[in-house]
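Undergrad: This is the structure I want to talk about, given as structure tokens.
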Amino acid sequence: MRIAIAGAGAMGSKFGWHLKKAGNDVTLIDTWDRNIAAIRENGVVARVKDEEIAEKMPIYSPEEIDEQHESVDLLIVFTKSMQLENMLNSLKPIISKDTYVLCLLNGLGHEDVLERFVTRDHIIMGVTMWASMMTAPGHITFANDNGNIEIQCLDPKGKDETQKIVKILTDAGLNASYSENVMYSIWRKACVNGVVNALCALLDADCKQFGHTKEADELTRNIVQEFADVAQYEGVNLDRKEVIEHVESLFDTPHYPSMHQDLVQNNRPTEIDYIDGAVWRKGLKHSVATPYCAFITRLIHAKEDILNVK
Ligand code: NAD
């Protein structure tokens with residue numbers, strides 16, 4: 001199976017590293033020149049425990065892919081949410097009617113973007129509990145060693161092929177499984193991001209600092225409530241109590257969520273429009289009030305302006 005990974009950041013590089021190490025045909029695609037140059041020279045260098053292990057694989061910019069015109073069997077997208085559509089537009093030459101696209105991005109509504117490029121029976125949605133960080137161009141650190149992946153094809157016609165992809169991921173050490181209700185898992189994870197990512201970025205706090213404030217409980221309940229109210233109109237019935245407990249289980253972890261890392265530590269734009277912002281937007285469509293999500297989205301955008309993100 002010819003595999004391409006679009007977006008060779010923390011997660012795309014991690015997945016590429018594992019899949020290549022397991023003997024797969026993997027090509028990375030990225031837009032960041034310094035990252036492309038570093039990976040061309042040394043491969044993807046992963047820090048595993050105390051060791052640095054490099055894995056060489058080809059990497060191209062989308063413009064270079066344009067000249068190759070060879071379609072891939074599986075395209076794994078790992079851009080940030082706001083980069084997804086541009087990336088897919090520039091990868092049209094390698095997306096054929098037989099290409100499966102696997103999306104493990106955080107956030108909501110990515111399937112709407114993917115449907116502009118492939119049919120629903122070739123769209124595989126998922127969530128992953130693997131975590132990774134970039135320490136320098138071409139260099140990643142694995143943030144955990146007990147992650148997993150749940151995936152499902154949007155149309156049952158693609159189930160057999162998706163199960164083959166489950167096996168490829170699992171054989172590469174990425175612990176994947178086929179889900180019968182992946183949209184539930186996507187919304188459940190979005191609730192975590194909608195609470196801790198956004199609020200830790202706004203408050204410049206880690207999960208533990210935020211979780212130990214007197215306001216944490218009330219804020220969590222109100223935000224999860226809005227996600228659940230909107231999810232219902234999208235055919236997903238979240239178990240509010242379980243989801244709140246799941247979010248609050250992070251309140252003892254002194255970890256800075258990725259939105260804090262992007263916005264506060266690296267002055268990069270956030271994925272807020274695909275998390276709380278998506279719930280606000282979908283709420284407007286279904287006439288569901290989402291005052292917390294709307295306010296949080298506006299505050300994050302204001303902070304992006306203040307910090308002059310690029
Ligand atoms: P990332 O920011 O590391 O990479 C995304 C893109 O941004 C890549 O093309 C990368 O090359 C580019 N990039 C990264 N740093 C850059 C810099 N300093 N300057 C210019 N370009 C830069 O994103 P990620 O963490 O791999 O996340 C990809 C998707 O996966 C997101 O939707 C994220 O929410 C989700 N996700 C991330 C993790 C995680 O642990 N990182 C876990 C689960 C899901």
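The values are calculated or read from the model by the stated rules, or taken from the named source; none is laboratory data. These numbers come from a predicted model, not from an experiment. Quick reminder, even Gly has a Cβ in these numbers, built from the backbone with ideal geometry, and neighbours come from all protein chains shown. Only protein heavy atoms, including side chains, enter the accessible area calculation; ligands, DNA and RNA are left aside. Shrake-Rupley method; radii C 1.70, N 1.55, O 1.52, S 1.80 Å.
Undergrad: Mind giving me the nanometre distance, one decimal, between the label points for H286 and L203, set 7 Å out from Cα along Cα→Cβ?
TA: So the label points at H286 and L203 sit 2.7 nm apart.
Undergrad: Indicate, rounded to the nearest 5 percent, the antiparallel portion of the DSSP beta bridges found entirely in region 1-135. Provide the component values of the computation, followed by the final result.
TA: On the way: 5 of 23 bridges.
Rounded to the nearest five, the antiparallel share is 20 percent.
Undergrad: Could you name the lysines in cross-link range of K157, using Cα to Cα under 22 Å and dropping any fewer than eight places away on the same chain?
TA: Qualifying lysines at Cα under 22 Å: K97, K167.
Undergrad: Show me 40-48, 107-115, 77-85 ranked by packing, highest mean number of other Cβ atoms within 10 Å first.
TA: Numbers: 40-48: 17.3, 107-115: 19.4, 77-85: 21.0.
Per-residue Cβ counts within 10 Å, averaged per peptide and sorted highest first, yield 77-85, 107-115, 40-48.
Undergrad: May I pose another question? Students often get this wrong: which residues of region 126-144 have the backbone nitrogen under 14 Å from the point 7 angstrom along Cα-to-C-beta of N42?
TA: Once the point is set 7 Å along Cα→Cβ of N42, 134-141 turn out to lie under 14 Å by backbone N, inside region 126-144.
Undergrad: Calculate, for the chain, the solvent-accessible area per residue in square angstrom, rolling a 1.4 angstrom probe over the heavy atoms of the protein chains. Write out the running numbers ahead of the final one.
TA: Working: 14160 Å² over 310 residues.
Computed with neighbouring chains in place, this is 46 Å² per residue.
Undergrad: Ignoring ligands, DNA and RNA, what percent of the 1.4 Å accessible area of the chain is carbon and sulfur?
TA: Numbers: 6830 of 14160 Å².
Of the solvent-accessible surface of the chain, carbon and sulfur hold 48 percent.
Undergrad: If you wrap a convex hull around the C-alpha atoms of the chain and split its volume per residue, what is the figure in Å³?
TA: Values: hull volume 39.0 nm³, N = 310.
So the per-residue Cα hull volume is 126 Å³.
Undergrad: Same structure again: On a full-extension model of 0.36 nm per residue, what is the gain between K92 and K241, subtracting their alpha-carbon distance, rounded to one decimal in nm? Numbers along the way, then the final one.
TA: Values: separation 149, 0.36 × 149 = 53.64 nm, distance 4.27 nm.
Between K92 and K241, full extension yields 49.4 nm more.
Undergrad: Express as a percent, rounded to the nearest 5, the fraction of DSSP beta bridges in the chain (both residues included) that run antiparallel.
TA: Values: 14 of 38 bridges.
Around 35 percent antiparallel, to the nearest 5.
Undergrad: Compute the distance in nm between two label points, each set 7 Å from the Cα along the Cα-to-Cβ direction, one at E52 and one at N148.
TA: Each label point lies 7 Å from its Cα, and together they span 3.4 nm.
Undergrad: Moving on. When the Cα centres of region 252-310 and region 91-126 are compared, how far apart do they sit, in Å?
TA: Rounded to whole Å, the Cα centres lie 24 Å apart.
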